[in-house]
Amino acid sequence: MTDEIRLQLDDHMYERLAALTGGAVAVCYQCGTCTASCPWGLVREDYLPVRTIIHQAQLGVPGWQDNLWLCTTCGQCEALCPRGVKIIDIFRGLRELAWESNHVEKGLPSLLWSVYWSENPWSQPPSQRAAWAKGLDLPVFDATQHEILLYVGCTSSYDQRAQKIARALVSTLNAAGVKYGYLGNEEPCCGESVLSVGNKEYFKEIAGKTAAVFKEKGVTDLVVISPHCYDVFKNHYPMAENYLKPKHYTQYLADLISEGRLKFEVALKEKVTFQDPCYLGRHNGEYEAPRQILSAIPGIELVEMETNRSEGLCCGGGGGRMWLETVNAERFSNLRVKQAEKTGAGTLATACPFCTVCLEDSAKNLPPGKMRVKDIAEIAAQALKKPRE
Amino acid sequence: MPPSRYRENEESKAVWVYLEQEEGTLENVSLEVLSKGRELADVMKWKLVGLLPGSGVHALAKEAITRGADEIWVMDHPLLTTFTIEGHGAVVYDAVMLGKPSIFLLGATHNGRDLAGRLAVRFRTGLNADCTNLHMDEKDALLVSEVSGFGGGVVAMIEMQNHRPQMATVRPGVFALSEPDSARRGKVIDVPVNLKPEQIKTRILERVRSGVVDLTRVPVLVVGGRGVNGDFETLKKLAEILGGDVGATRPPVDAGFIERERQIGQTGVVSSPKMALCCGLSGAFHLLVGIDKADVVVSINSDPEAPIFEFSDYYIVGDVSQYLPVLIQTLESQQEISHA
Amino acid sequence: MPEFHMVVCVKVVPRSDEIRVDRETRLLDRRHARLELNPPDMSALEMALNTRDRYGGKLDILSMGPLSFEPLLRVGLAMGCDHIVLLSDRAFGGADTLATTYTLAKGIEKMGGADLIFCGEESADGATGQVPAGLAEWLNVSQLTLLTELSLDLDKQTATGRRSLKGGYEILETPLPCVVSVKNASQEPRFINFSRKAWAYETERVTVWNAVDLNADPESIGLTGSPTTVSELARVPVRERKRIKLEGEAMAKAEQLAVIIRDSL
């Protein structure tokens, strides 16, 4: 008997994937730009074989499961793909198939259960969601009185580091005299973590519920802290076009500055470099608003890292990676902090809670005090008013 | 409701304690329960009896007497060498039916819980599990058990009028050990054991008593962070003194100072110790998730701004390498005093 | 040979962080607490589903409680279980461990018995951890508790499990039928399979039995059948960290800390 290698072509899988991704795989002509541009190649010898995975998906052959959960959905490959293949859709589609067959990375079912039972991905009690705002006396959103809803998001509600971002933004909004409210403990989860790990069916359910809450409360204009929440509200919510007008807070603050409502009076003598969050930049094309804010603050010198804007290196926290362990040698954020260090900047600014958390962890590898990681909301709050003598 | 196998009017005025042993050593919690049992018995002027099943366990009877028992009922049989629910269940049931004690207490160990849950149904009596305190209602001669539920969020006092024995299991570490009194005298009673091999349905194929790290339920968790500078030996020593184990934050795990299975937090172990002792860690959110459920959090860190202090019950601003040796020394000398 | 029948006992509990104790009546106020499946039972569900995946058979959920628990239990169906039996009767209310295990045992009896019964290690609300052993006693079957792994030999009709011990484990083998308790957090429960969701919400997936259906002794169920009574109930205040900074000379601080450690343990 001769050993015969038979390749099983899984037509069903191919068809399912084609349906799930709107035919995204068919367009790829296998040039490999994706694999070459993927940041995993910077940290892993056996990189993330994006092209091969797409090919396996095109043919309907197994193998695509192996590295499926590495992708941070940073979109670097999509930005460079000559065929405009929606590669992230392919990864999300494959992940959806993995959910259907119960072959997912350890830790991810727990992430979804956390959202299911506690309405946040951090396994925190829903009754403590508004604890970050204790003492701030924030009004509950009222559509008849408020210009915007401040949508805080799960990470800024619960993560002590990210809570500071929310509090800084509150003081900036207050200083600009913005009429706004929040939803306190009633704030629903946007579901981005669920979408990012590819459970689209569950995401649809969350999006439906959350959209209904917004509708019931009369929310149209909402300002969000995390680019991840912003992205799903803008691009993945069912009724986004109808009535939701989400803005990332950097966009909103930039508007306030150009309208003359927000002024920075304190000069901050800082050399700052800026990390473009993937979901603000590559996913939504917003590169200028955060830089406008930094430029409006007297004393700040803005310098760019060797990769920036559409080629800015991801922090490593997207695509569900915030809930999976990445060994130290493979953290993008370590490289990013080194890039920041090379600019001579003492402050690494960003505008995303995930970036802040990842970069701050990596900045601890540098000598103490060498690199401060700050969210733009925090820098803005520092520049608000001259301290009283 | 249907009566228990024997009722309060048939009870003997005594407190019984199940003495669990493993390879010739009594479980600590059994001695703790014995100490508490002595207190309860003294309040009522009752007898305290220890129930000791095993194989070749006579020597342990003396130790139990020094801890306050008036009588030890020894059930010695080769089939009782290691704990099986069928073997130990059968002989303990028979002994209790013979002695009909008012109160029957067990340590809430893995085996103690198995035994108690099964026997309570066999006696058709009530059982208060994992109690955090016990006392006597002297007037009615009833045992009052304090139990907690909802993750410690609610406490309840529970008693039982007519069913016997009044059973309770006690969480390890809740009660203090009494000082052993070597002059104490008690009676050792050999109880005949009628056990046939075919009664034991459960076979033990393998038994490993060490090497498995389980940080989820250690009483004391000593967590080391970056500020420990890789010196986990000192932390291990401290953990050993306190009867706990060592965990770590991400940086020392990354640096290879300690195994990844000891990483605490969002992508590691979520622990619920009585005390978390945080050494040289700043307190990132993904770490805090792992010690959220600790009853008490104590921390030492040189950075006065460390977020961990917000999350601590007690804290010291200072260098871990300076404080730990002193702390270990102090704890060790305390130990010597209490053992003297 | 009849189909291999497995039952997983699942409890619906209010979230611990949201229950209150009424100051006057001293009763638990669960009205404002959202409900969830008892977290330790999620591990039991996963081990049960995993066992069914490996050995086949039918896997039913058994629960006790008001009809309002039904939608939550259907989560288990969406995860992969076949059917729900909900024991629901006002007369079951207020049950302690003895009455609870009696009622569950009657439920299993009425189901025609089971070859393998899975339970979580304990419930988040009562936290007695005594149901698995008590249930095994009523059913007069063997028990394997605190398991992290389980395998079956269907020819020999035995179950082999890895039971956790302090600092170690033991491998035990016992004849079927058997009650298994699953060590808390030892299994990561699979998430809801959305393709099962519509099916899971069909009416006929749930069977509800009351005390009469079970032919249960009215004296042995609920509050009546519970020998223990709760004399006092109190809510322990939500834990606020004390944030006490120890001051003084290094030596004094270390000694202070040693005292605190000893007092807390």
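Take residues that are over 30 Å from A:ASP10 (Cβ atoms) and tell me which of the helices (runs of 4 or more DSSP H) falling wholly in the range A:61-160 contain 2 or more.
It comes to A:108-118, A:154-158.
Looking only at the range A:141-152, decide whether some residue is surrounded by 23 or more Cβ atoms within 10 Å (Cβ to Cβ), facing another protein chain (nearest Cβ under 9 Å) and touching a Phe, Trp or Tyr at 6+ places or on another chain (Cβ under 6 Å).
no
Which ranges mark the strands (runs of 3 or more DSSP E) fully within the range C:4-73 that have 3 or more residues being away from every other protein chain (no Cβ under 11 Å) and under 25 Å from C:ALA211 (Cβ atoms)?
In the range C:4-73, the matching strands (runs of 3 or more DSSP E) lie at C:5-9, C:58-64.
With A:GLY32, A:GLY75, A:GLY84 as the choices, which residue is more than 30 Å from A:ASN328 (Cα to Cα) and among the small types (Gly, Ala, Ser)? Even if it seems obvious, please write down each step before you answer.
Working: A:GLY32 fails: more than 30 Å from A:ASN328 (Cα to Cα); A:GLY75 fails: more than 30 Å from A:ASN328 (Cα to Cα).
Only one candidate qualifies: A:GLY84.
Go through the range C:34-54 and give me each residue that's more than 18 Å from C:SER181 (Cβ to Cβ) and hydrophobic (A, V, I, L, M, F, W, C).
Within the range C:34-54, C:LEU35 is the sole residue that qualifies.
The rows are residues; the columns are (1) under 19 Å from A:THR343 (Cα atoms); (2) of a type in the set (Ser, Thr, Tyr); (3) without any contact (Cβ under 8 Å) to a residue 60 or more places away in the chain.
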| position | (1), (2), (3) |
| --- | --- |
| A:ARG282 | no, no, no |
| A:GLU288 | no, no, yes |
| A:GLN292 | no, no, yes |
| A:ILE297 | no, no, no |
| A:LEU302 | yes, no, yes |
| A:SER310 | yes, yes, no |
| A:GLY319 | no, no, no |
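Looking only at the range A:309-326, which residues are within 14 Å of chain B (Cβ to nearest Cβ) and in contact with a Lys or Arg (Cβ under 9 Å, 6 or more places away or on another chain)?
Answer for the range A:309-326, where residues must be within 14 Å of chain B (Cβ to nearest Cβ) and in contact with a Lys or Arg (Cβ under 9 Å, 6 or more places away or on another chain): A:GLY316, A:GLY320, A:LEU324, A:GLU325.
Away from chain A (no Cβ under 13 Å) and open to solvent by less than 40 Å² (accessible area, probe 1.4 Å): which single residue out of B:VAL289, B:VAL296 fits that description? Break it down stepwise before answering.
Details: B:VAL289 fails: away from chain A (no Cβ under 13 Å).
None of the other options fit; the residue is B:VAL296.
When the range A:316-344 is examined, which residues are found to be within 17 Å of A:CYS71 (Cα to Cα), not in a helix (DSSP H, G or I) and not β-branched (Val, Ile, Thr)?
A:GLY316, A:GLY317, A:GLY318, A:GLY319, A:GLY320, A:LEU324, A:GLU325, A:ARG331
Looking at B:GLU240, B:GLU261, which one is surrounded by fewer than 22 Cβ atoms within 10 Å (Cβ to Cβ), within 14 Å of chain A (Cβ to nearest Cβ) and assigned to a helix (DSSP H, G or I)?
Only one candidate qualifies: B:GLU261.
Could you name every one of the helices (runs of 4 or more DSSP H) located completely within the range B:1-113 that has at least 3 residues being touching an Asp or Glu at 6+ places or on another chain (Cβ under 8 Å)? Steps first, answer last, please.
Working: elements: B:28-44, B:58-66, B:85-99.
The helices (runs of 4 or more DSSP H) meeting that bar are B:28-44.
Farther than 24 Å from B:LYS293 by Cβ and buried (at least 24 other Cβ atoms within 10 Å of the Cβ): does that describe C:THR51?
So C:THR51 fails the test.
Can you tell me which residues in the range B:157-215 are under 20 Å from the mean Cα position of the chain (by Cα), of a type in the set (Ser, Thr, Tyr) and modelled with pLDDT of 90 or more?
Within the range B:157-215, just B:THR169 meets the criteria.
Based on this model, can you work out whether B:LEU52 counts as under 24 Å from B:VAL121 (Cα atoms), open to solvent by less than 10 Å² (accessible area, probe 1.4 Å) and not β-branched (Val, Ile, Thr)?
Spelling it out, B:LEU52 is indeed under 24 Å from B:VAL121 (Cα atoms), open to solvent by less than 10 Å² (accessible area, probe 1.4 Å) and not β-branched (Val, Ile, Thr).
To keep it simple, each residue is scored yes or no on (1) among the aliphatic types (A, V, I, L, M); (2) surrounded by 13 or more Cβ atoms within 10 Å (Cβ to Cβ); (3) modelled with pLDDT under 90.
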{"site": "C:GLY225", "(1), (2), (3)": "no, yes, no"}
{"site": "C:THR228", "(1), (2), (3)": "no, yes, no"}
{"site": "C:ARG243", "(1), (2), (3)": "no, yes, no"}
{"site": "C:GLU249", "(1), (2), (3)": "no, no, yes"}
{"site": "C:ALA254", "(1), (2), (3)": "yes, yes, yes"}
{"site": "C:ILE261", "(1), (2), (3)": "yes, yes, yes"}
{"site": "C:LEU265", "(1), (2), (3)": "yes, yes, yes"}
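Mind checking which pairs have a first residue in the range B:160-179 that is more than 10 Å from every other protein chain (Cβ to nearest Cβ) and a second that is part of a loop (DSSP other than H, G, I, E, B), Cβ under 7 Å, 6 or more apart or different chains?
Filtered contacts from the range B:160-179: B:PRO165/B:THR125; B:VAL170/B:ALA108; B:ARG171/B:ALA108; B:ARG171/B:THR132; B:VAL174/B:THR132; B:SER178/B:ARG67; B:SER178/B:GLY68.
Go through the range A:160-172 and give me each residue that's out of contact with any Asp or Glu (no Cβ under 9 Å at 6 or more places or on another chain) and open to solvent by less than 10 Å² (accessible area, probe 1.4 Å).
Listed by number, the residues that qualify are A:ALA166, A:VAL170, A:THR172.
Of these, A:PRO298, A:PRO290, which one is under 16 Å from A:TYR230 (Cβ atoms) and not in a strand (DSSP E or B)?
A:PRO290
Out of (1) within 29 Å of C:GLU247 (Cβ to Cβ); (2) of a type outside the set (A, V, I, L, M, F, W, C); (3) open to solvent by 40 Å² or more (accessible area, probe 1.4 Å); (4) free of Cβ contacts under 8 Å to residues at least 40 places away in the same chain, what's the single condition that is false for B:THR249?
Every listed condition holds for B:THR249 apart from (3).
May I ask you to list the residues in the range A:190-212 that are assigned to a helix (DSSP H, G or I) and of a type in the set (A, V, I, L, M)?
If the condition is that a residue be assigned to a helix (DSSP H, G or I) and of a type in the set (A, V, I, L, M), then A:VAL194, A:LEU195, A:ILE206, A:ALA207, A:ALA211, A:ALA212 are the ones that fit.
Return yes or no: is A:GLY208 under 30 Å from A:LEU68 (Cα atoms) and within 17 Å of the chain's Cα centre (by Cα)?
No; evaluated as a whole, the condition is false for this residue.
Condition first: more than 14 Å from chain A (Cβ to nearest Cβ), aliphatic (A, V, I, L, M) and under 16 Å from B:LEU235 (Cβ atoms). Can you find one or more residues in the range B:301-319 that meet it?
yes
Which of the following residues is basic (Lys, Arg) and crowded, with 21+ Cβ neighbours inside 10 Å: A:ARG282, A:ARG261, A:ARG309?
Checking each option against the conditions leaves just A:ARG282.
B:LYS187 fails exactly one of the following numbered conditions: (1) under 15 Å from B:TYR18 (Cβ atoms); (2) open to solvent by 40 Å² or more (accessible area, probe 1.4 Å); (3) not aromatic (Phe, Trp, Tyr). What is the number of that condition?
Of everything listed in (1) under 15 Å from B:TYR18 (Cβ atoms); (2) open to solvent by 40 Å² or more (accessible area, probe 1.4 Å); (3) not aromatic (Phe, Trp, Tyr), B:LYS187 misses just condition (1).
I need a count of the residues in the range A:101-140 that are among the polar types (S, T, N, Q), buried (at least 19 other Cβ atoms within 10 Å of the Cβ) and more than 10 Å from chain C (Cβ to nearest Cβ).
Counting residues in the range A:101-140 that are among the polar types (S, T, N, Q), buried (at least 19 other Cβ atoms within 10 Å of the Cβ) and more than 10 Å from chain C (Cβ to nearest Cβ) gives 2.
For the range C:101-219, which fully contained helices (runs of 4 or more DSSP H) count at least 2 residues that are facing chain B (nearest Cβ under 9 Å)?
Qualifying helices (runs of 4 or more DSSP H): C:131-139.
Go through the range B:36-49 and count every residue that is under 14 Å from the mean Cα position of the chain (by Cα) and open to solvent by less than 10 Å² (accessible area, probe 1.4 Å).
Restricting attention to the range B:36-49, the residues satisfying the condition of being under 14 Å from the mean Cα position of the chain (by Cα) are B:36.
Restricting the remaining residues to those that are open to solvent by less than 10 Å² (accessible area, probe 1.4 Å) gives none.
Going through the range B:36-49 one residue at a time, the tally reaches 0.
Within the set of pairs 6+ apart or on separate chains, which have a first residue in the range B:290-311 that is free of Cβ contacts under 8 Å to residues at least 40 places away in the same chain and more than 24 Å from A:TRP323 (Cβ to Cβ), a second that is among the basic types (Lys, Arg) and surrounded by 18 or more Cβ atoms within 10 Å (Cβ to Cβ), and C-beta atoms under 9 Å apart?
Sorted first by the residue in the range B:290-311, then by its partner, the pairs are B:VAL296/B:LYS274.
The values are calculated or read from the model by the stated rules, or taken from the named source; none is laboratory data. Just so we're clear, the structure is a prediction, and the values are computed from it rather than from any experiment. Cβ atoms come from the backbone with ideal geometry, glycine included; neighbour counts cover every protein chain shown. SASA here: full protein model, heavy atoms, side chains in, ligands and nucleic acids out. Shrake-Rupley method; radii C 1.70, N 1.55, O 1.52, S 1.80 Å.
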